[in-house]
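Below is one structure; the comments refer to it alone.
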Amino acid sequence: MLRLERIGKIYPTGEVLRDVTWEVKSGDRIGLVGVNGAGKSTQMRIIAGLEEASSGQVVKQGAPRIVYLQQEFDVDPQRTVRAELFQAFGEAAEVLNHQQQVEEAMGSERAAADADHLDTLIQELGSLQTRFEALHGYELDARIDRLLPTLGFTLAGAEQLVADYSGGWQMRIALGKILLQEPDLLLLDEPTNHLDVETIQWLEDYLRGQTVPLVVISHDRAFLDRVCNQIVETERGISRTYLGNYSQHLEQKVLEREAGQAAFERQQKELSTQQAYIDRFRASATRSTQAKSREKLLDKVERIEAPLETIGGPRFQFPPAPRCGRQVAVIDHLTHSYGEKILFLDINLEVERGDRIAFVGPNGAGKSTLLRLVMGMEQPDEGTAGLGEHNVIAGYFEQNQAEALDLSKTVINTLFEAVPDWTQTQVRSLLGSFCFSNDAVFKEVGKLSGGEKARLALALMLLSPCNLLVLDEPTNHLDIPAKQMLEDALMEYEGAALVVSHDRYFIGRIANKIVELRDGELVLYRGDYAYYLEKKREEAEATNQDEARRDQERKREANRLKQQAKDEARKAQSRKTKAGKG
């Protein structure tokens, strides 16, 4: 369907892509991976025709319809869901929008007072309706009706405003607009950003059920594992293709590096042997001819390059902190609400030293609010929430933590002030693990993007000694190597941690307890994420069995009542027959 051949891309700031070659075929679900700045989005934009490659070419079979869902998807909150989905149909949507404007104008005071103006509007409306029918507009509306249940919307829900729905549901609308265009190739750039776990799982299932080939950029490793059947990794401007999902690609990389290293070492040994012979006998009266012959052969040998080392940040360890008491944080009979919505109703939780608790639940369940209550940044309606009493030192990272940074300082000086005894190499190594490299470390904080500020704020917070970490979405804006660095550090961390995250792979590595928040209740699972998933499966099976039993009981009761009605009817008929005979 489509092939990238030796694609290169050079910006004024430097070379991003050097030798990128890979292809998309029918049935492919390709994950583009690599560190931030590796050129993943650049490749997407080149495929979509939004940028030109500096070298190489994109070879297309025929004229495939390529549709691109970018990180900031476009939906109009003031339209209904149905009207927004209809925008996918181009000219038909323009006609419909114009038609609605004319209908509104027909109800205006001017139209009521001016018969000629009203007559003009009526004629215009008729012309638009004719054009709409010619574009098969009503058939297009029927296509939306068929798509709505697939996206999770009811017919009634489709008449609500887009603004009435959360970001996750708005992502579904944006995806629906793309699918209505019947693409031959679907490009998705970070589609799971800011989605809760339930919506991510819906998206995974939906994409797995599609036949349209897709290319997706994501730092969500669990998502890449479930959705992709091929991985293209870009490293130092060069692409490599691996069959299988993300975890399988990692296994292949290990084998590839081991084989490459072995071949490189064998060749180096042979080259060294040959060079030693040449050096020894180059001036020999009897063997100089052989030495020169070997030297010519050696010059022609195609050298095996040393395997690229895995790009990733250095190992990071949290600074040691004073030991605290057994009870690190406590939530006692807590009730809290926002307006009419009750977030928590009489919930309880005790956090002990060594606990690494991940809070999960749908968006709006109150996960971030609970962390703020524990930190004393909000006061509960009833009950208590707070830190333990014995020497608890908490480090808190919230999603808007970046707002507290000094915008006038450079990135590197911001970190130097926190660790004045570190060498420049140590500071730059840590910044590199948070995706700040080369001249980026000398940028003023005020000139950083929102994501860059968030990464700097996280790096800064992690340098402060504390025995309780309270982290709200710490992996947002981190690439996979930076996430791995943070995971490794948390695994060795001796304090307690309270974490809100939608990254299931991250949760699966770091959490030893899971707390689910839903409908005002708190449920503690005393195990890791795999244990939590298994318990949720058991609960779902038990619920299904209970529902099946209730269905059987309802059917038996319905059959009993039906039989009772038949018996009563027979008795009534019998009495009527006897009365007739009498």
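The values are calculated or read from the model by the stated rules, or taken from the named source; none is laboratory data. What you see is a predicted model, and the numbers here were worked out from it, not measured in a lab. Because the Cβ atoms are built from the backbone with ideal geometry, glycine has one as well, and the counts that use them run over all protein chains shown. Note: areas computed on protein heavy atoms with side chains; ligands, DNA, RNA excluded. Shrake-Rupley method; radii C 1.70, N 1.55, O 1.52, S 1.80 Å.
Values as computed for the structure displayed
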quantity: Qualifying lysines (Cα of each under 16 Å from Cα of Lys536; at least 8 residues distant if same chain); calculated: Lys513
quantity: Paramagnetic reach from Thr120 (point 7 Å along Cα→Cβ, amide N under 11 Å) across region 94-110; calculated: none
quantity: At most 14 other Cβ within 10 Å, DSSP loop - GluC sites (Glu not before Pro), region 431-524; calculated: Glu494
quantity: Gln61-Asp19 FRET efficiency (beta carbon distance; Förster radius 25 Å; 0.05 resolution); calculated: 0.65
quantity: Whole-percent carbon and sulfur share, accessible surface of region 16-153, 1.4 Å; calculated: 45
quantity: Cα-centre dipole for the chain with unit charges at Cβ (Lys and Arg positive, Asp and Glu negative), debye to 20; calculated: 2720
quantity: For the chain, share of DSSP beta bridges that run antiparallel, in % to the nearest 5; calculated: 55
quantity: Crossing angle, helix 288-300 versus the chain [Cα axis fit, 0-90 degrees, rounded to tens]; calculated: 20
quantity: Residues whose placed amide H lies under 5 Å from that of Asp355, excluding near-sequence neighbours; calculated: Ala497
quantity: Nearest 10 degrees, 0 to 90: helix 450-461 Cα axis against the chain principal axis; calculated: 70
quantity: Sorted peptide list for 500-513, 375-388, criterion being average Cβ within 10 angstrom, highest first; calculated: 500-513, 375-388
quantity: Heavy-atom accessible surface of region 437-510: percent carbon and sulfur, 1.4 Å; calculated: 46
quantity: Computed [θ] at 222 nm, deg cm²/dmol, the chain (DSSP H ≥ 4; -39,500 (n - 2.57); rounded to nearest 500); calculated: -15000 deg cm²/dmol
quantity: Residues of the chain: accessible area per residue with a 1.4 Å probe, Å²; calculated: 53
quantity: For region 242-313: span of alpha carbons on each principal axis (Å, largest first); calculated: 60, 25, 14
quantity: Positive-end residue, region 54-175 charge dipole about Cα centroid, Cβ charges, pick of Val75, Ala112, Gly62; calculated: Gly62
quantity: Globularity index of region 471-548, i.e. its alpha-carbon radius of gyration over 2.2 N^0.38 Å; calculated: 1.29
quantity: Furthest towards positive pole of dipole, Ile393, Ala440, Val374, structure part region 367-452, Cβ charges; calculated: Ala440
quantity: Cα long-axis angle, helix 480-492 against the chain (0 to 90 degrees, to the nearest 10); calculated: 90
quantity: Convex hull (Cα only) mean projected area of region 131-219, reported in nm² to one decimal; calculated: 6.8
quantity: Probe 1.4 Å, all protein chains present, accessible-area order of Lys447, Lys566, largest first; calculated: Lys447, Lys566
quantity: Label point 7 Å beyond Cα of Tyr138 along Cβ direction - residues of region 77-97 with amide nitrogen under 16 Å; calculated: 96
quantity: Sulfur and carbon atoms: percent of accessible area, region 201-279 [1.4 Å]; calculated: 52
quantity: Mean separation of Cα contacts under 8 Å, 6 or more apart, over the residue count of region 469-549: relative contact order %; calculated: 23
quantity: Amide H contacts under 5 Å for Asp19, placed H, 5+ residues apart; calculated: Ile238, Ser239
quantity: Stretchable slack from Asn348 to Ser108, in nm (0.36 nm times residue separation minus alpha-carbon distance); calculated: 80.6 nm
quantity: Lysines whose Cα lies under 29 Å from that of Lys269, excluding same-chain neighbours fewer than 8 positions away; calculated: Lys253, Lys292, Lys296, Lys300
quantity: Area of Lys177 that stays accessible when all protein chains are in place (1.4 Å probe, Å², to 10); calculated: 30
quantity: Estimated FRET transfer efficiency (Met491, Glu557; beta-carbon r; R0 51 Å; 0.05); calculated: 0.40
quantity: Loop sites in region 64-98: chymotrypsin sites (Phe, Trp or Tyr not before Pro), DSSP, at most 14 other Cβ within 10 Å; calculated: none
quantity: Residue-by-residue Karplus 3J(HN,Hα) for region 183-199, coefficients 6.51, -1.76, 1.60, Hz, glycine and proline x; calculated: x, 8, 8, 10, 10, 10, 10, 6, x, 8, 3, 6, 8, 7, 4, 4, 5
quantity: Cα-Cα separations in region 225-375 greater than 28 Å, expressed as whole percent; calculated: 62
quantity: For region 150-276, the spread of Cα positions along each principal axis, largest first, Å; calculated: 82, 28, 23
quantity: Highest to lowest packing among 113-124, 230-241, scored as the average C-beta count within 10 Å; calculated: 230-241, 113-124
quantity: P(r), alpha carbons of region 14-170 - 10 Å bins starting at zero, rounded %; calculated: 8, 25, 25, 23, 12, 6, 1
